[in-house]
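Structure, as structure tokens:
The values are calculated or read from the model by the stated rules, or taken from the named source; none is laboratory data. Values in this document were obtained by computation on a predicted structure and should not be read as measured data. Note that we place each Cβ from the backbone using ideal geometry, even for glycine, and neighbour counts take in every protein chain shown. Just so you know, the surface numbers come from the protein's heavy atoms only, side chains and all, with ligands and any DNA or RNA stripped out. Shrake-Rupley method; radii C 1.70, N 1.55, O 1.52, S 1.80 Å.
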Amino acid sequence: MELLRPSSPEEATGALGNGSRALAGGTELVPLIRDGLVKADTLVEIRDVVPRGVTGTRIGAGTTLAELELDGEIPQALREACAQAASPQLRSMGTIGGNLLQATRCWYWRLGFDCWLHGGETCFARDGAQREHAVFGNDKCASAHPSDIAAALLALGATLRTTRREFAVAELYRLPTDDDRNVTTLAPDELILEIELTTPDASTYLKAMDRRKWSFPIVGVAAARFGGETRIALAGVAPIPWLLDSVAILDEATPLPGTGYKVEIARALVRRAIEAI
Amino acid sequence: MGRSLAQVLRDDLGFTGTKVACGEGHCGACTVQLDGVPTLSCITLVHTVGDREVTTIEGLRDHRLIHAFVRTDAVQCGFCTPGQVVSAAALVAANPSPSKDEIQHAMSGNLCRCGTYPKIEEAIRTWQD
Ligand SMILES: Cc1cc2nc3c(=O)[nH]c(=O)nc-3n(C[C@H](O)[C@H](O)[C@H](O)COP(=O)(O)OP(=O)(O)OC[C@H]3O[C@@H](n4cnc5c(N)ncnc54)[C@H](O)[C@@H]3O)c2cc1C
Ligand code: SF4
Ligand code: FES
Ligand code: FES
């Protein structure tokens, strides 16, 4: 395997695609390659080409979660989502750009089962182990998106700047279809450069997990208030981060037999989050 | 795939104090410091280390934390201990008198199958004694 260290975004995107992958902190990509779930003959290290750090309302995609956890200027929802994600070592290594692009934690997928999301015919979670799985958007693939940070950015209405375009975080994600099983709209040779934040009047992130620390979200709830309007987004409830247009939409959830409890947790956390802001 | 920092430390350089348990970023047994920052050497590709300084448990041989871990009996099988000490050393370097909450937050990425957590917390709380 080859490791490239480009010095400009153009050089980096020129080297991407065709069996090469961008490497940031590597916390997600290195295990996936080692387990054979991602094939790459070239890694393009993007540390020197993707901005890092916070300037006003702009966050470089190469900023680590540990740096954001300590930043008193960013909205509380994002800070709390970072502080509660993964472990201290992973937060020091992992970047916010990489976090948004992490793959599902569904065990069937991670263990290389030929499931629907891997291009097969069957979602094994539907009749199998499904406690961590989805309650929305789950008719094809019932996986639950694990990013706390994506839910926070969705509630905050953040936008992304890539090497090609600017768009709302919501447009980074798509539900996979029979024809295209990707869960993001990013092109193979497109890099996320910056995240542009809005400034809410108040925001928060609440997370239900199996342990009090270091655990993926069972349900994460981000809420942000802009004047009279409150935006709510959830982690861990659908194959992609899920914007809740209204609290009533929780009544339209389609849980699997083993995930109904997540709807009740979401209800409680949404209520608490709204009270908190 | 390229070799990990843990493989190079253990197999090429003979620094076998650094342990590998899960090998995929979950447990913290392989923690080393890169420029003082606790980092998981099992998922760090060695070619990405660059000119950053690597501190392993061997480099912390004389740290007072080692004595604190022994004094408080914070070691059972000992497999997680090098990683625990490496994380703890970074914590006390930044914050010499961490509170219980701060210890629990900073140490949450180091799992211990033997369940020595209360003793590890005590070792860190009393490391200067
Ligand atoms: C054990 C474990 C527990 C975790 N727990 C949580 C949790 O509780 N909550 C949570 O939210 N997250 C959790 N995570 C996810 C973690 O936060 C991410 O793995 C990390 O942030 C990814 O960042 P990275 O820089 O290491 O990405 P990498 O591993 O380097 O890259 C990940 C992917 O993103 C691509 N990529 C990276 N940066 C860019 C960019 N700028 N532009 C385009 N593509 C890019 C890479 O090509 C790759 O496909 C956990 C991860 C692990 C391993
Ligand atoms: S939930 Fe999705 S990833 Fe998991 S088995 Fe079903 S199709 Fe595969
Ligand atoms: S061995 Fe590296 S985190 Fe477990
Ligand atoms: S002392 Fe045995 S794993 Fe921690």
Karplus 3J(HN,Hα) series, Hz, for the range B:117-129 with 6.51 cos²θ - 1.76 cosθ + 1.60 (x for Gly, Pro):
3, x, 6, 4, 4, 5, 4, 6, 5, 10, 4, 8, 5
Per-residue accessible area for B:THR81 at 1.4 Å probe radius, Å² rounded to 10?
20
Highest to lowest packing among A:191-201, A:176-186, A:58-68, scored as the average C-beta count within 10 Å
A:58-68, A:191-201, A:176-186
Note on the range A:168-218: alpha-carbon gyration tensor, axes a ≥ b ≥ c; rule is a/c under 1.5 for rounded, else prolate if a/b larger than b/c, else oblate; result oblate
Which whole number gives the average count of other chain Cβ atoms within 10 Å of the Cβ atoms across peptide B:22-33?
3
Within a 10 angstrom radius of each residue's Cβ in A:37-48, how many Cβ atoms of other chains show up on average? Whole number is fine.
1
With x for Gly and Pro, the residue-by-residue ³J(HN,Hα) of the range B:62-70, computed from phi through the Karplus equation 6.51 cos²θ - 1.76 cosθ + 1.60 at θ = phi - 60° and given in whole Hz, is 9, 5, 5, 4, 4, 5, 5, 4, 5
For the protein assembly as shown, which whole percent of the accessible surface, found with a 1.4 angstrom probe, sits on carbon and sulfur atoms?
50
Give me, ordered by chain and number, the residues 5 or more places off B:GLY36 or on other chains with an amide H under 5 Å from its own placed amide H.
B:THR55
With a 1.4 Å probe and all protein chains kept in place, how much accessible area does A:MET1 have, in Å² rounded to the nearest 10?
110
Hey, how many Å between the Cα centroid of the range A:1-59 and the Cα centroid of the range A:170-205?
17
Would you grab the residues whose amide H sits under 5 Å from the one on A:MET209? Only those 5+ places off in sequence or on another chain, please, with H modelled 1.01 Å from N.
A:ILE218
Given points 7 Å out from each Cα along the Cα-Cβ axis, report the A:THR199 to A:ARG212 separation in nanometres with one decimal.
3.5
What whole-number distance in Å separates the alpha-carbon centres of the range A:126-156 and the range B:1-73?
34
Under 20 Å Cα to Cα from B:LYS100, which lysines show up? Leave out anything in the same chain fewer than 8 places away.
A:LYS213, B:LYS119
Based only on the alpha carbon positions, what is the Kirkwood hydrodynamic radius of the range A:1-49, in angstrom?
10.8
The FRET efficiency for A:SER7 and A:LYS140, from their Cβ-Cβ distance with R0 = 41 Å and rounded to 0.05, is 0.50
Taking the range A:133-228, the whole-percent share of alpha-carbon pairs separated by over 15 angstrom is 68
Going by a ≥ b ≥ c, the root eigenvalues of the Cα gyration tensor, does chain A fall in the rounded group (a/c under 1.5), the prolate group (a/b larger than b/c) or the oblate group?
oblate
B:GLN128 versus A:ASP48, label points 7 Å from Cα toward the beta carbon: distance in nm?
4.2
When the Kirkwood hydrodynamic radius is evaluated over all pairs of different C-alpha atoms of the range B:5-125, what value in angstrom, to one decimal, is obtained?
14.2
Rounded, prolate or oblate: pick one for the range A:14-139, where a ≥ b ≥ c are the square roots of the eigenvalues of its C-alpha gyration tensor, a/c under 1.5 means rounded, and failing that, prolate if a/b is larger than b/c, else oblate.
oblate
For the range A:27-42, take each phi angle, set θ = phi - 60°, evaluate the Karplus expression 6.51 cos²θ - 1.76 cosθ + 1.60, and give the result in whole Hz per residue in order, putting x for glycine and proline.
5, 9, 5, 4, x, 5, 5, 4, 7, x, 7, 10, 9, 8, 9, 9
Taking A:LYS140 as the anchor, which lysines have their alpha carbon closer than 25 Å to its alpha carbon, excluding any fewer than eight residues away along the same chain?
A:LYS39, A:LYS262
Can you list residues whose amide H is under 5 Å from A:GLY120's amide H, if they're 5+ apart or on another chain and H is modeled 1.01 Å from N?
A:CYS115
